[in-house]
Amino acid sequence: MRASSSENLADFEMAIGYKFRKKSLLKESLTHKSYAHEQQKNHPSFNERMEFLGDAVLELIISEYIYSTYPEYTEADLSRIKAYAVQEATLAEVSIAINIGEYLSLGRGEEMTGGRKKASLLADAFEAVLAAIYLDSSYKKAKEFVLKHLAHKIEELTVTNFIFDFKTKLQEVSQAQFSVLPRYIIHKEEGPEHRKTFEVKVFLNQDFFGSGKGKTKKAAAQKAAEAALKRIKKTHETDI
């Protein structure tokens, strides 16, 4: 059951990096209907309505972010990325990382059947917490919360198993037009160990052709390759 205490709520606020002005919003976002139904005398609010709002806010934030971050992608590509970012499995994984399950108020039945680890319940709780932040503060704060936990997952998707593989394409083009393989070097590493940003430069022969930044070396190299392809296309006036 484990109703959220003031101490638990404070711990959760620290975990997510946001301090609520209205603690009631946070408490509601972490209350499952199974708990509320067992506490009918007190009539506690539960998080289903917040899930509804959080789902809409999440879709807008992700849509806006990928639209501005990936201008080269088509509508179909953007839809694929968004579907990945807002799917239950992704949100549940993020919820586990910030330990949402430990702070939920659950009914006895949900507690006994492992509700704190259920993907559907965790994903719903993430959306409810997002809605609580939005209602307590602003769209800007809600966006910061979402991107803190999902931006790197989107970047990983575009690097590892999305349709655009700029490094492979650059290798093909550089071999065909210059008879060389691209050479990548890590130019710079910035930030603390757990939130580093990498800058990678790519050269053909000894000539610099582009650079890119990313949360991982792979992501930075992909962006460097993309920049190189754009330069080749512009300077050589060729379709690639």
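Values in this text are rule-based calculations from the coordinates and carry no lab data. Keep in mind the model is a prediction, meaning the values are calculated, not measured. Note that each Cβ is placed from the backbone with ideal geometry, even for glycine, and that neighbours are counted across all protein chains shown.
Annotations
- Of all aspartates and glutamates in the structure, the ones whose alpha carbon falls short of 12 Å from that of Lys188, not counting any fewer than 8 places away in one chain, are Glu199.
- Screening the chain for DSSP H helices whose Cα atoms reach 20 Å or more along their own axis and whose mean Kyte hydropathy is at least 1.0 gives 119-136.
- Here the relative contact order of region 166-236, from alpha carbon pairs under 8 Å that lie six or more residues apart, stands at 27 percent.
- Summed over qualifying helices (DSSP H, 4 residues or more, each -39500 (n - 2.57)) and divided by its residue number, the chain shows a 222 nm mean residue ellipticity of -19500 deg cm²/dmol.
- Radius 10 Å from Cβ of Glu156, net charge of other residues (Lys, Arg +1; Asp, Glu -1): +2
- Local electrostatic count, Ile133, Cβ distance below 13 Å [Lys/Arg +1, Asp/Glu -1]: +3
- Electrostatic dipole magnitude of the chain [Cβ: Lys, Arg +1; Asp, Glu -1; Cα centre; debye, to 20]: 540
- Net dipole in debye of region 27-121 [+1 Lys, Arg Cβ; -1 Asp, Glu Cβ; about Cα centre; nearest 20]: 500
- Total charge dipole magnitude, region 124-240, about the Cα centre, Cβ charges on Lys, Arg, Asp, Glu only, Debye to nearest 20: 320
- Considered as an equivalent ellipsoid built on the Cα gyration tensor, region 100-240 has semi-axes of 44, 16, 14 Å, the largest given first.
- Exceedance of the 22 Å cut-off in Cα-Cα distance is limited, within the set Lys33/Lys143; Lys33/Lys117; Lys148/Lys201; Lys153/Lys218; Lys118/Lys215; Lys82/Lys169, to Lys33/Lys143; Lys148/Lys201; Lys118/Lys215; Lys82/Lys169.
- Per residue, the convex hull spanned by the Cα atoms of the chain measures out at 131 cubic angstrom.
- For the chain, the relative contact order comes to 17 percent (Cα pairs under 8 Å, sequence separation of at least 6).
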